[in-house]
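Student: Sharing a structure with you now.
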Amino acid sequence: MTPDRRFVCFGLAALLAGCGGGAPNPAPRTGAAPRPVPDAGYDAWVAAFRARAAARGISAATLDRAFADAGYLPEVIERDRNQTEFTRSLEDYLAIAASDERVARGREMLARHAALLNRIRDRYGVEPQIVTAIWGLESRYGARRGDIPVISATSTLAYDGRRGDFYESQLMAALGILQNGDTTPAVMTGSWAGAMGHTQFIPTSYEAYAVDFDGDGRRDIWSDDPADALASTAAYLKRSGWVTGQPWGGEVGSAAARSGTPLAILQPQVPGPKFAVFRNFQVIKRYNNSDSYALGIGHLSDRIAGGGPLVTPFGPDARGLTLEDRKEMQRALTARGFDTEGADGVIGSKTTAAISAYQQSAGLPVTGEPSAALLRRLRGS
Ligand code: CA
(Lines give C-alpha, C1' and ligand atoms only; values in the text may rest on other atoms or scores of the structure.)
Protein backbone atom coordinates (compact mmCIF):
# COMPACT_ATOMS: atom_id res chain seq x y z
CA MET A 1 0.00 0.00 0.00
CA THR A 2 1.55 3.33 0.89
CA PRO A 3 5.23 3.28 1.79
CA ASP A 4 3.95 3.49 5.35
CA ARG A 5 2.27 0.14 5.07
CA ARG A 6 5.42 -1.74 5.86
CA PHE A 7 5.58 -0.12 9.29
CA VAL A 8 2.35 -1.70 10.33
CA CYS A 9 1.38 -5.27 10.98
CA PHE A 10 -1.16 -6.44 8.43
CA GLY A 11 -2.81 -9.74 7.84
CA LEU A 12 0.07 -11.55 6.33
CA ALA A 13 2.70 -9.27 7.74
CA ALA A 14 1.28 -10.06 11.10
CA LEU A 15 1.00 -13.76 10.36
CA LEU A 16 4.29 -14.68 8.80
CA ALA A 17 7.05 -12.96 10.68
CA GLY A 18 5.81 -10.94 13.51
CA CYS A 19 6.00 -7.83 11.43
CA GLY A 20 8.53 -5.86 9.51
CA GLY A 21 9.94 -8.58 7.33
CA GLY A 22 6.68 -9.23 5.65
CA ALA A 23 5.00 -11.76 7.76
CA PRO A 24 1.98 -14.20 8.42
CA ASN A 25 -0.64 -13.83 11.28
CA PRO A 26 -0.13 -13.00 14.85
CA ALA A 27 -1.65 -15.62 17.07
CA PRO A 28 -5.37 -15.07 16.59
CA ARG A 29 -6.87 -13.20 19.48
CA THR A 30 -9.28 -15.20 21.49
CA GLY A 31 -12.41 -13.91 23.15
CA ALA A 32 -14.29 -10.68 22.61
CA ALA A 33 -12.91 -7.53 21.05
CA PRO A 34 -10.98 -5.42 23.59
CA ARG A 35 -12.93 -2.80 25.53
CA PRO A 36 -11.76 0.77 26.06
CA VAL A 37 -10.54 1.71 29.54
CA PRO A 38 -10.74 5.19 31.11
CA ASP A 39 -7.60 7.26 30.56
CA ALA A 40 -7.49 10.97 31.36
CA GLY A 41 -4.45 11.58 29.15
CA TYR A 42 -6.25 10.02 26.19
CA ASP A 43 -9.35 12.14 26.82
CA ALA A 44 -7.27 15.31 26.88
CA TRP A 45 -5.55 14.24 23.67
CA VAL A 46 -8.90 13.65 21.95
CA ALA A 47 -10.16 17.08 23.04
CA ALA A 48 -7.14 18.73 21.42
CA PHE A 49 -7.35 16.48 18.38
CA ARG A 50 -10.96 17.50 17.74
CA ALA A 51 -9.79 21.03 16.96
CA ARG A 52 -7.23 19.72 14.46
CA ALA A 53 -9.89 17.51 12.87
CA ALA A 54 -12.35 20.39 12.66
CA ALA A 55 -9.70 22.42 10.87
CA ARG A 56 -9.50 19.61 8.33
CA GLY A 57 -13.22 19.69 7.68
CA ILE A 58 -14.43 16.95 10.01
CA SER A 59 -17.78 18.07 11.47
CA ALA A 60 -18.65 18.09 15.16
CA ALA A 61 -21.44 15.64 14.41
CA THR A 62 -19.01 13.18 12.82
CA LEU A 63 -16.60 13.53 15.74
CA ASP A 64 -19.39 13.00 18.27
CA ARG A 65 -20.57 9.89 16.47
CA ALA A 66 -17.05 8.52 15.96
CA PHE A 67 -15.95 8.96 19.57
CA ALA A 68 -19.26 8.06 21.24
CA ASP A 69 -18.13 4.49 21.90
CA ALA A 70 -14.42 4.88 21.20
CA GLY A 71 -11.69 4.96 23.81
CA TYR A 72 -8.23 4.00 24.92
CA LEU A 73 -7.27 0.38 24.17
CA PRO A 74 -4.24 -0.77 26.19
CA GLU A 75 -4.18 -4.04 24.26
CA VAL A 76 -3.39 -2.14 21.07
CA ILE A 77 -0.36 -0.51 22.70
CA GLU A 78 0.75 -3.91 23.96
CA ARG A 79 0.56 -5.31 20.43
CA ASP A 80 2.47 -2.34 19.07
CA ARG A 81 5.22 -2.78 21.67
CA ASN A 82 5.50 -6.53 21.23
CA GLN A 83 6.04 -6.66 17.50
CA THR A 84 8.77 -9.16 17.03
CA GLU A 85 11.30 -8.43 14.36
CA PHE A 86 12.33 -11.99 13.63
CA THR A 87 12.03 -13.02 10.03
CA ARG A 88 11.05 -16.48 8.96
CA SER A 89 13.01 -18.34 6.34
CA LEU A 90 11.54 -18.09 2.85
CA GLU A 91 10.82 -21.82 3.00
CA ASP A 92 8.70 -21.39 6.14
CA TYR A 93 7.08 -18.26 4.74
CA LEU A 94 6.02 -20.02 1.55
CA ALA A 95 4.89 -23.12 3.46
CA ILE A 96 2.49 -20.90 5.42
CA ALA A 97 1.53 -18.54 2.60
CA ALA A 98 0.83 -21.35 0.14
CA SER A 99 -0.19 -24.07 2.59
CA ASP A 100 -2.31 -26.91 1.24
CA GLU A 101 -5.29 -25.43 3.03
CA ARG A 102 -4.80 -21.92 1.64
CA VAL A 103 -4.29 -23.26 -1.88
CA ALA A 104 -7.38 -25.49 -1.72
CA ARG A 105 -9.54 -22.73 -0.28
CA GLY A 106 -8.17 -20.29 -2.86
CA ARG A 107 -9.16 -22.57 -5.71
CA GLU A 108 -12.61 -22.88 -4.17
CA MET A 109 -12.95 -19.09 -3.86
CA LEU A 110 -11.64 -18.52 -7.38
CA ALA A 111 -14.40 -20.79 -8.69
CA ARG A 112 -17.13 -19.45 -6.41
CA HIS A 113 -16.40 -15.80 -7.24
CA ALA A 114 -15.40 -16.33 -10.88
CA ALA A 115 -18.02 -13.97 -12.30
CA LEU A 116 -17.06 -11.14 -9.93
CA LEU A 117 -13.31 -11.70 -10.39
CA ASN A 118 -13.71 -11.69 -14.17
CA ARG A 119 -15.60 -8.40 -14.06
CA ILE A 120 -12.85 -6.97 -11.87
CA ARG A 121 -10.23 -8.18 -14.37
CA ASP A 122 -12.18 -6.61 -17.23
CA ARG A 123 -12.23 -3.25 -15.48
CA TYR A 124 -8.77 -3.13 -13.87
CA GLY A 125 -6.72 -5.63 -15.84
CA VAL A 126 -5.62 -7.61 -12.79
CA GLU A 127 -5.92 -11.38 -13.08
CA PRO A 128 -8.39 -13.22 -10.78
CA GLN A 129 -5.76 -15.45 -9.16
CA ILE A 130 -3.67 -12.44 -8.07
CA VAL A 131 -6.61 -10.71 -6.38
CA THR A 132 -7.61 -14.03 -4.79
CA ALA A 133 -4.07 -14.61 -3.48
CA ILE A 134 -3.96 -11.20 -1.80
CA TRP A 135 -7.38 -11.90 -0.29
CA GLY A 136 -6.10 -15.26 0.99
CA LEU A 137 -2.98 -13.85 2.58
CA GLU A 138 -4.48 -10.71 4.03
CA SER A 139 -7.58 -12.18 5.68
CA ARG A 140 -7.82 -15.88 4.85
CA TYR A 141 -10.39 -15.07 2.19
CA GLY A 142 -12.37 -12.80 4.47
CA ALA A 143 -12.38 -15.06 7.52
CA ARG A 144 -10.07 -12.74 9.52
CA ARG A 145 -10.98 -9.18 8.75
CA GLY A 146 -10.32 -7.96 12.30
CA ASP A 147 -12.78 -6.93 15.00
CA ILE A 148 -11.03 -4.01 16.68
CA PRO A 149 -12.85 -0.67 16.29
CA VAL A 150 -10.71 1.47 13.97
CA ILE A 151 -11.36 4.81 15.68
CA SER A 152 -10.29 3.38 19.03
CA ALA A 153 -7.22 1.65 17.60
CA THR A 154 -5.90 4.56 15.55
CA SER A 155 -6.67 7.20 18.21
CA THR A 156 -4.97 5.08 20.88
CA LEU A 157 -1.85 4.75 18.73
CA ALA A 158 -1.91 8.43 17.73
CA TYR A 159 -2.17 9.44 21.40
CA ASP A 160 0.57 6.99 22.38
CA GLY A 161 2.86 8.83 20.02
CA ARG A 162 5.42 6.19 19.05
CA ARG A 163 4.32 6.70 15.44
CA GLY A 164 1.92 9.47 16.34
CA ASP A 165 1.91 11.36 13.03
CA PHE A 166 1.28 8.20 11.04
CA TYR A 167 -1.64 7.10 13.18
CA GLU A 168 -3.12 10.59 13.41
CA SER A 169 -3.26 10.64 9.62
CA GLN A 170 -4.93 7.19 9.71
CA LEU A 171 -7.43 8.46 12.28
CA MET A 172 -8.14 11.55 10.19
CA ALA A 173 -8.75 9.38 7.12
CA ALA A 174 -11.00 7.04 9.13
CA LEU A 175 -13.10 10.03 10.23
CA GLY A 176 -13.36 11.09 6.59
CA ILE A 177 -14.73 7.63 5.77
CA LEU A 178 -17.41 7.99 8.44
CA GLN A 179 -18.27 11.53 7.35
CA ASN A 180 -18.61 10.32 3.78
CA GLY A 181 -21.18 7.76 4.90
CA ASP A 182 -19.34 4.70 3.59
CA THR A 183 -19.82 2.87 6.87
CA THR A 184 -20.60 3.35 10.56
CA PRO A 185 -18.32 3.39 13.62
CA ALA A 186 -19.70 0.04 14.79
CA VAL A 187 -18.97 -1.66 11.46
CA MET A 188 -15.59 0.00 10.87
CA THR A 189 -13.34 -2.59 12.48
CA GLY A 190 -9.96 -4.00 11.56
CA SER A 191 -6.62 -5.16 12.88
CA TRP A 192 -5.02 -3.66 15.98
CA ALA A 193 -3.14 -1.32 13.64
CA GLY A 194 -6.21 -0.15 11.74
CA ALA A 195 -5.98 -2.38 8.63
CA MET A 196 -9.51 -2.96 7.46
CA GLY A 197 -11.61 -5.41 5.54
CA HIS A 198 -11.01 -8.36 3.26
CA THR A 199 -7.68 -7.07 1.96
CA GLN A 200 -6.61 -5.04 4.99
CA PHE A 201 -6.56 -1.48 3.69
CA ILE A 202 -5.31 1.17 6.07
CA PRO A 203 -7.57 4.26 6.08
CA THR A 204 -5.27 6.45 3.93
CA SER A 205 -5.04 3.68 1.31
CA TYR A 206 -8.80 3.36 1.42
CA GLU A 207 -9.06 7.10 0.82
CA ALA A 208 -6.75 6.86 -2.19
CA TYR A 209 -7.83 3.60 -3.80
CA ALA A 210 -11.11 2.14 -2.56
CA VAL A 211 -13.89 1.83 -5.14
CA ASP A 212 -17.63 1.24 -5.11
CA PHE A 213 -17.69 -1.71 -7.46
CA ASP A 214 -21.23 -2.94 -6.85
CA GLY A 215 -22.62 0.56 -7.41
CA ASP A 216 -24.65 0.93 -4.21
CA GLY A 217 -23.08 4.30 -3.48
CA ARG A 218 -20.80 3.10 -0.67
CA ARG A 219 -17.24 1.81 -0.82
CA ASP A 220 -17.88 -1.07 1.54
CA ILE A 221 -14.78 -3.20 2.20
CA TRP A 222 -16.12 -4.46 5.55
CA SER A 223 -19.21 -6.30 4.32
CA ASP A 224 -19.41 -10.09 3.97
CA ASP A 225 -19.76 -9.44 0.23
CA PRO A 226 -16.14 -9.01 -0.93
CA ALA A 227 -16.95 -7.18 -4.21
CA ASP A 228 -15.85 -3.67 -3.22
CA ALA A 229 -12.79 -4.91 -1.29
CA LEU A 230 -11.49 -7.11 -4.10
CA ALA A 231 -12.09 -4.45 -6.74
CA SER A 232 -10.33 -1.91 -4.51
CA THR A 233 -7.30 -4.19 -4.36
CA ALA A 234 -7.25 -4.50 -8.14
CA ALA A 235 -7.64 -0.72 -8.43
CA TYR A 236 -4.64 -0.31 -6.12
CA LEU A 237 -2.49 -2.64 -8.25
CA LYS A 238 -3.60 -1.01 -11.49
CA ARG A 239 -2.74 2.46 -10.18
CA SER A 240 0.63 1.07 -9.07
CA GLY A 241 1.46 0.01 -12.63
CA TRP A 242 0.16 -3.54 -13.03
CA VAL A 243 0.94 -5.00 -16.46
CA THR A 244 -2.05 -7.05 -17.63
CA GLY A 245 -1.19 -10.50 -18.88
CA GLN A 246 2.38 -10.49 -17.67
CA PRO A 247 3.41 -13.01 -14.99
CA TRP A 248 4.79 -11.68 -11.71
CA GLY A 249 7.75 -13.95 -12.39
CA GLY A 250 8.38 -17.59 -11.71
CA GLU A 251 10.82 -20.19 -10.55
CA VAL A 252 13.85 -20.21 -12.83
CA GLY A 253 13.29 -22.98 -15.36
CA SER A 254 9.51 -22.54 -15.50
CA ALA A 255 7.66 -21.32 -18.59
CA ALA A 256 6.62 -18.15 -16.75
CA ALA A 257 10.22 -17.31 -15.89
CA ARG A 258 11.19 -17.65 -19.56
CA SER A 259 8.34 -15.44 -20.80
CA GLY A 260 10.28 -12.17 -20.76
CA THR A 261 13.42 -10.38 -19.68
CA PRO A 262 13.53 -10.48 -15.89
CA LEU A 263 14.25 -7.39 -13.80
CA ALA A 264 16.20 -9.58 -11.41
CA ILE A 265 16.96 -13.13 -10.38
CA LEU A 266 16.31 -13.67 -6.68
CA GLN A 267 17.52 -16.50 -4.49
CA PRO A 268 16.59 -15.40 -0.98
CA GLN A 269 17.57 -18.71 0.62
CA VAL A 270 20.53 -20.87 -0.37
CA PRO A 271 20.21 -23.69 -1.20
CA GLY A 272 16.78 -23.16 -2.64
CA PRO A 273 14.84 -22.11 -5.72
CA LYS A 274 15.77 -19.08 -7.81
CA PHE A 275 13.08 -16.75 -9.08
CA ALA A 276 13.01 -14.57 -12.18
CA VAL A 277 10.89 -11.51 -11.38
CA PHE A 278 9.14 -9.02 -13.69
CA ARG A 279 7.56 -5.64 -13.24
CA ASN A 280 4.43 -7.00 -11.55
CA PHE A 281 6.60 -8.35 -8.74
CA GLN A 282 7.54 -4.74 -7.95
CA VAL A 283 3.86 -3.77 -8.13
CA ILE A 284 2.96 -6.40 -5.53
CA LYS A 285 5.69 -4.92 -3.33
CA ARG A 286 3.84 -1.59 -3.45
CA TYR A 287 1.12 -3.41 -1.53
CA ASN A 288 3.57 -4.70 1.06
CA ASN A 289 7.23 -3.85 0.65
CA SER A 290 8.77 -7.26 1.20
CA ASP A 291 10.32 -9.76 -1.23
CA SER A 292 8.94 -12.64 0.84
CA TYR A 293 5.44 -11.17 0.67
CA ALA A 294 5.60 -10.65 -3.09
CA LEU A 295 6.99 -14.17 -3.65
CA GLY A 296 4.24 -15.49 -1.36
CA ILE A 297 1.53 -13.73 -3.35
CA GLY A 298 3.08 -14.75 -6.66
CA HIS A 299 3.50 -18.40 -5.73
CA LEU A 300 0.09 -18.67 -4.07
CA SER A 301 -1.54 -17.12 -7.14
CA ASP A 302 0.18 -19.67 -9.37
CA ARG A 303 -1.00 -22.51 -7.13
CA ILE A 304 -4.55 -21.13 -7.05
CA ALA A 305 -4.52 -21.01 -10.85
CA GLY A 306 -3.67 -24.74 -10.90
CA GLY A 307 0.10 -24.71 -10.84
CA GLY A 308 2.21 -27.15 -8.85
CA PRO A 309 4.66 -26.68 -5.98
CA LEU A 310 8.14 -25.28 -6.51
CA VAL A 311 10.46 -27.77 -8.18
CA THR A 312 13.77 -26.95 -6.46
CA PRO A 313 13.90 -28.07 -2.83
CA PHE A 314 15.25 -25.93 -0.03
CA GLY A 315 18.12 -27.54 1.82
CA PRO A 316 18.07 -28.84 5.40
CA ASP A 317 17.47 -26.20 8.08
CA ALA A 318 19.95 -25.16 10.76
CA ARG A 319 19.06 -28.33 12.71
CA GLY A 320 19.85 -30.52 9.72
CA LEU A 321 16.19 -31.31 9.04
CA THR A 322 14.49 -31.02 5.67
CA LEU A 323 10.89 -29.96 5.18
CA GLU A 324 9.92 -33.63 4.78
CA ASP A 325 11.74 -34.50 8.02
CA ARG A 326 9.86 -31.78 9.88
CA LYS A 327 6.52 -32.90 8.47
CA GLU A 328 7.29 -36.51 9.41
CA MET A 329 8.13 -35.40 12.94
CA GLN A 330 4.84 -33.52 13.21
CA ARG A 331 2.85 -36.50 11.94
CA ALA A 332 4.63 -38.88 14.32
CA LEU A 333 4.02 -36.60 17.31
CA THR A 334 0.35 -36.19 16.39
CA ALA A 335 -0.03 -39.97 15.96
CA ARG A 336 1.29 -40.38 19.52
CA GLY A 337 -1.32 -37.97 20.87
CA PHE A 338 0.87 -34.86 20.93
CA ASP A 339 -1.13 -32.76 18.51
CA THR A 340 0.87 -30.35 16.34
CA GLU A 341 -2.37 -29.19 14.67
CA GLY A 342 -1.29 -29.98 11.16
CA ALA A 343 1.93 -31.08 9.52
CA ASP A 344 3.16 -28.17 7.45
CA GLY A 345 6.81 -28.57 8.36
CA VAL A 346 6.88 -25.15 10.03
CA ILE A 347 8.11 -25.28 13.61
CA GLY A 348 5.79 -22.96 15.54
CA SER A 349 4.49 -22.75 19.08
CA LYS A 350 2.18 -25.78 18.72
CA THR A 351 4.96 -28.04 17.46
CA THR A 352 7.29 -26.80 20.18
CA ALA A 353 4.62 -27.53 22.81
CA ALA A 354 4.00 -31.00 21.35
CA ILE A 355 7.72 -31.80 21.40
CA SER A 356 7.98 -30.63 25.01
CA ALA A 357 5.00 -32.74 26.05
CA TYR A 358 6.43 -35.78 24.26
CA GLN A 359 9.86 -35.26 25.86
CA GLN A 360 8.24 -34.95 29.27
CA SER A 361 6.23 -38.14 28.81
CA ALA A 362 9.32 -40.02 27.59
CA GLY A 363 11.48 -38.87 30.49
CA LEU A 364 13.75 -36.84 28.19
CA PRO A 365 15.18 -33.39 28.88
CA VAL A 366 12.41 -30.95 27.91
CA THR A 367 13.76 -28.59 25.24
CA GLY A 368 10.87 -28.25 22.80
CA GLU A 369 13.54 -28.33 20.08
CA PRO A 370 13.28 -30.48 16.96
CA SER A 371 16.39 -32.49 16.18
CA ALA A 372 17.62 -35.40 14.09
CA ALA A 373 17.92 -37.48 17.29
CA LEU A 374 14.29 -36.77 18.18
CA LEU A 375 13.18 -37.77 14.68
CA ARG A 376 15.17 -41.03 14.91
CA ARG A 377 13.58 -41.77 18.25
CA LEU A 378 10.07 -41.11 16.89
CA ARG A 379 10.79 -43.38 13.92
CA GLY A 380 12.16 -46.13 16.10
CA SER A 381 9.66 -46.34 18.89
CA1 CA B 1 -20.53 -0.64 -2.75
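Student: Given the residues A53, A61, which is the only one that is at pLDDT 95 or above and either closer than 22 Å to R163 by Cβ or buried (at least 17 other Cβ atoms within 10 Å of the Cβ) (or both)? Spell out how you get there, then give the answer.
Tutor: Numbers: A61 fails: either closer than 22 Å to R163 by Cβ or buried (at least 17 other Cβ atoms within 10 Å of the Cβ) (or both).
Of A53, A61, the one residue that is at pLDDT 95 or above and either closer than 22 Å to R163 by Cβ or buried (at least 17 other Cβ atoms within 10 Å of the Cβ) (or both) is A53.
Student: Shifting gears a bit: Would you check if D182 is surrounded by fewer than 24 Cβ atoms within 10 Å (Cβ to Cβ), without any contact (Cβ under 8 Å) to a residue 24 or more places away in the chain and not in a helix (DSSP H, G or I)?
Tutor: no
Student: Another question, then. Modelled with pLDDT of 95 or more, more than 16 Å from the ligand (Cβ to nearest atom) and among the small types (G, A, S): does that describe G315?
Tutor: No: the conditions fail for G315.
Student: What are the residues in the stretch 204-218 that are over 16 Å from V150 (Cα atoms), touching a helix residue (DSSP H, G or I) at 6+ places or on another chain (Cβ under 7 Å) and open to solvent by 20 Å² or more (accessible area, probe 1.4 Å), if any? Can you show your working first?
Tutor: To start, the set of residues in the stretch 204-218 that are over 16 Å from V150 (Cα atoms) comprises 208-218.
Still in the list and also touching a helix residue (DSSP H, G or I) at 6+ places or on another chain (Cβ under 7 Å): 209-214.
Y209, V211, D212, F213, D214, listed by residue number.
Student: Among the residues that make up the stretch 271-286, is at least one of them open to solvent by 10 Å² or more (accessible area, probe 1.4 Å), of a type in the set (S, T, N, Q) and not in a loop (DSSP other than H, G, I, E, B)?
Tutor: Taking every residue of the stretch 271-286 in turn, at least one turns out to be open to solvent by 10 Å² or more (accessible area, probe 1.4 Å), of a type in the set (S, T, N, Q) and not in a loop (DSSP other than H, G, I, E, B).
Student: For residues in the stretch 102-121 being among the aliphatic types (A, V, I, L, M) and touching a helix residue (DSSP H, G or I) at 6+ places or on another chain (Cβ under 6 Å), which is nearest to I304 (Cα to Cα)?
Tutor: So the first thing to find is which residues in the stretch 102-121 are among the aliphatic types (A, V, I, L, M), and the list is 103-104, 109-111, 114-117, 120.
Retained after the next criterion (residues that are touching a helix residue (DSSP H, G or I) at 6+ places or on another chain (Cβ under 6 Å)): 103, 109-110, 116-117, 120.
On the way: V103: 6, M109: 9, L110: 8, L116: 16, L117: 13, I120: 17 Å.
Looking at residues that are among the aliphatic types (A, V, I, L, M) and touching a helix residue (DSSP H, G or I) at 6+ places or on another chain (Cβ under 6 Å), I get V103.
Student: When the residues of the stretch 221-230 are filtered to those that are part of a loop (DSSP other than H, G, I, E, B) and in contact with a strand residue (DSSP E or B) (Cβ under 9 Å, 6 or more places away or on another chain), which remaining residue is farthest from the ligand (Cβ to nearest atom)? Reasoning before the result, please.
Tutor: If we filter the stretch 221-230 for residues that are part of a loop (DSSP other than H, G, I, E, B), which is where we start, we get 221-226.
Next cut, in contact with a strand residue (DSSP E or B) (Cβ under 9 Å, 6 or more places away or on another chain) only: 221-222.
On the way: I221: 9, W222: 11 Å.
My answer is W222.
Student: Among the listed residues T233, T204, identify the single one that is more than 16 Å from the ligand (Cβ to nearest atom) and within 22 Å of the chain's Cα centre (by Cα). Give the steps one after another, and end with the answer.
Tutor: Details: T233 fails: more than 16 Å from the ligand (Cβ to nearest atom).
One residue alone meets the criteria, T204.
Student: For the condition near the ligand (Cβ under 8 Å from one of its atoms) and either touching a Gly at 6+ places or on another chain (Cβ under 8 Å) or closer than 18 Å to I130 by Cβ (or both), what is the one hit in R239, R218?
Tutor: Numbers: R239 fails: near the ligand (Cβ under 8 Å from one of its atoms).
Just a single option satisfies the conditions, and that option is R218.
The values are calculated or read from the model by the stated rules, or taken from the named source; none is laboratory data. This is a predicted model, so every value here is computed, not measured. Don't worry about glycine lacking a Cβ; one is built from the backbone with ideal geometry, like all the others, and counts go over all protein chains shown. The accessibility values were calculated without ligands, DNA or RNA, using every heavy atom of the protein model including side chains. Shrake-Rupley method; radii C 1.70, N 1.55, O 1.52, S 1.80 Å.
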